[in-house]
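Student: The structure follows.
The values are calculated or read from the model by the stated rules, or taken from the named source; none is laboratory data. Worth saying up front: this structure is predicted, and the values here are computed from it rather than measured. Using ideal geometry, Cβ is built from the backbone for each residue, glycine included, and neighbour counts are taken over all protein chains shown. For accessibility, only protein heavy atoms count, side chains too; no ligands or nucleic acids. Shrake-Rupley method; radii C 1.70, N 1.55, O 1.52, S 1.80 Å.
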Amino acid sequence: MFLRGKTALITGSTSGIGLGYARTLAAEGAAVMINGFGDAAEIAGYVAELAQTSGAGARYCAADMTKPAEIRDMVALCHAELGGPDILINNAGIQHVSPIDEFPEEKWDAILAIILSSTFHTTGAALPAMKAKGWGRIINTGSMHSLVASPYKSAYNAAKHGVAGLTKTVALEVATLGITANTICPGYVWTPLVEGQIPDTMKARGLTREQVINDVLLDKQPQKQFVTIEQVAALALFLCRDEAGAITGAALSVDGGWTAQ
Ligand code: NAD
């Protein structure tokens, strides 16, 4: 329970990888604030589960990551109700798959806002408390698409590359203050986000579901398996350890070999 006494705020954590981070950190005693959309009863169940696991507090905030004022209120609420945050994980994300000349403007704006701009806003709001304590961990969920691109994902690739660049900047600005900032770059992880992009990819490329999974999603993932949520969360947990204190400004791949090519 090495995170006893620490508070983690995790955006986009009502599902998939974000919920995995919350569960993993709570299992080490962290109080957690989760965020994201979804069914109210299901979310209440996650909050109860997290509080039970950690033995510390757990809260939910419905802030929309496209809305800067709601983001800042979320960080303030975390501070008021749970303390901190000592650990900030920027994880909210959406995807849209389309050729760039047909890419809807509103999808571009939403993806940039949710993935990149929200990370700017949460970081700015969370840093003062971390600086005051002389300890902090900022962990941003990037992607293999923070490092390399795939076609038809212009907004996502741009936003995720942006996250890696922003993370390096933050790491440099707080390098002497006991705070680290890193980007975790997963390959394909089996989550609702991946499930959701299968129909669009089928349409954009004229493929069957099986072809999308085997020939598109796992085509460039040399291990030919999806990464697991637990594998991604385990790296985040390690980054919270004091032993990881010298890891900062890094983009760390958990991608089954995707970016080795
Ligand atoms: P998911 O769809 O299961 O979860 C996304 C979360 O973000 C949900 O909790 C959702 O409610 C939340 N969210 C979406 N829009 C939001 C908004 N406007 N405001 C607040 N919350 C919002 O997806 P996932 O696969 O778990 O993805 C999590 C992160 O991991 C994303 O940043 C994604 O880009 C990244 N990622 C995923 C994969 C993968 O293969 N699944 C690979 C690399 C990176």
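Student: Does residue 218 fit the bill of being modelled with pLDDT of 95 or more and out of contact with any Pro (no Cβ under 8 Å at 6 or more places or on another chain)? Give the derivation first.
Tutor: Numbers: modelled with pLDDT of 95 or more: no; out of contact with any Pro (no Cβ under 8 Å at 6 or more places or on another chain): yes.
Judged against the criteria, residue 218 is not a match.
Student: Which condition does residue 108 not pass, out of (1) of a type outside the set (D, E, K, R); (2) open to solvent by 30 Å² or more (accessible area, probe 1.4 Å); (3) more than 16 Å from the ligand (Cβ to nearest atom), if it passes all the others?
Tutor: That leaves (3) as the condition not met.
Listed here are the residues, each with its yes/no results for (1) in contact with a helix residue (DSSP H, G or I) (Cβ under 6 Å, 6 or more places away or on another chain); (2) aliphatic (A, V, I, L, M); (3) more than 19 Å from residue 12 (Cα to Cα); (4) open to solvent by 20 Å² or more (accessible area, probe 1.4 Å).
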residue	(1), (2), (3), (4)
102	no, no, yes, yes
114	no, yes, no, yes
117	no, no, no, yes
135	no, no, yes, yes
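Student: Counting just the residues of the stretch 157-209 that are polar (S, T, N, Q) and more than 14 Å from the chain's Cα centre (by Cα), which one comes out nearest to the ligand (Cβ to nearest atom)? Working first, answer last.
Tutor: From the stretch 157-209, those polar (S, T, N, Q) are 157, 167, 169, 176, 180, 182-183, 191, 197, 201, 208; that's our starting set.
Okay, now just the ones that are also more than 14 Å from the chain's Cα centre (by Cα), so 157, 169, 176, 180, 197, 201, 208.
Values: 157: 11, 169: 19, 176: 29, 180: 19, 197: 9, 201: 13, 208: 20 Å.
My answer is 197.
Student: Scanning for something open to solvent by 20 Å² or more (accessible area, probe 1.4 Å) and not in a helix (DSSP H, G or I), does the stretch 157-175 turn up at least one residue?
Tutor: Checked the stretch 157-175: at least one residue is open to solvent by 20 Å² or more (accessible area, probe 1.4 Å) and not in a helix (DSSP H, G or I).
Student: Let me ask something else about it. Restricting the search to the stretch 99-112, which residues are of a type outside the set (A, V, I, L, M, F, W, C) and assigned to a loop (DSSP other than H, G, I, E, B)?
Tutor: Taking the stretch 99-112 and keeping what is of a type outside the set (A, V, I, L, M, F, W, C), we get 99, 101-102, 104-107, 109.
99, 104, listed by residue number.
Student: Here is a check on your reading of the model: is residue 252 touching a Ser or Thr at 6+ places or on another chain (Cβ under 6 Å) and more than 11 Å from the ligand (Cβ to nearest atom)? Explain how you work it out, then say what you get.
Tutor: Details: touching a Ser or Thr at 6+ places or on another chain (Cβ under 6 Å): no; more than 11 Å from the ligand (Cβ to nearest atom): yes.
Criteria not met by residue 252.
Student: Does residue 150 fit the bill of being closer than 30 Å to residue 219 by Cα and surrounded by 24 or more Cβ atoms within 10 Å (Cβ to Cβ)? So that I can check it myself, show each step before the final result.
Tutor: On the way: closer than 30 Å to residue 219 by Cα: yes; surrounded by 24 or more Cβ atoms within 10 Å (Cβ to Cβ): no.
Judged against the criteria, residue 150 is not a match.
Student: While we're on this one: Quick one: would you say residue 121 is away from the ligand (no atom under 11 Å from the Cβ) and in a helix (DSSP H, G or I)?
Tutor: On the way: away from the ligand (no atom under 11 Å from the Cβ): yes; in a helix (DSSP H, G or I): yes.
Taking the combined requirement at face value, the residue satisfies it.
Student: Given the criteria of a type outside the set (D, E, K, R) and not in a loop (DSSP other than H, G, I, E, B), does residue 201 qualify? Don't jump to the end; show me each part of the working.
Tutor: Numbers: of a type outside the set (D, E, K, R): yes; not in a loop (DSSP other than H, G, I, E, B): yes.
Answer is yes for this residue.
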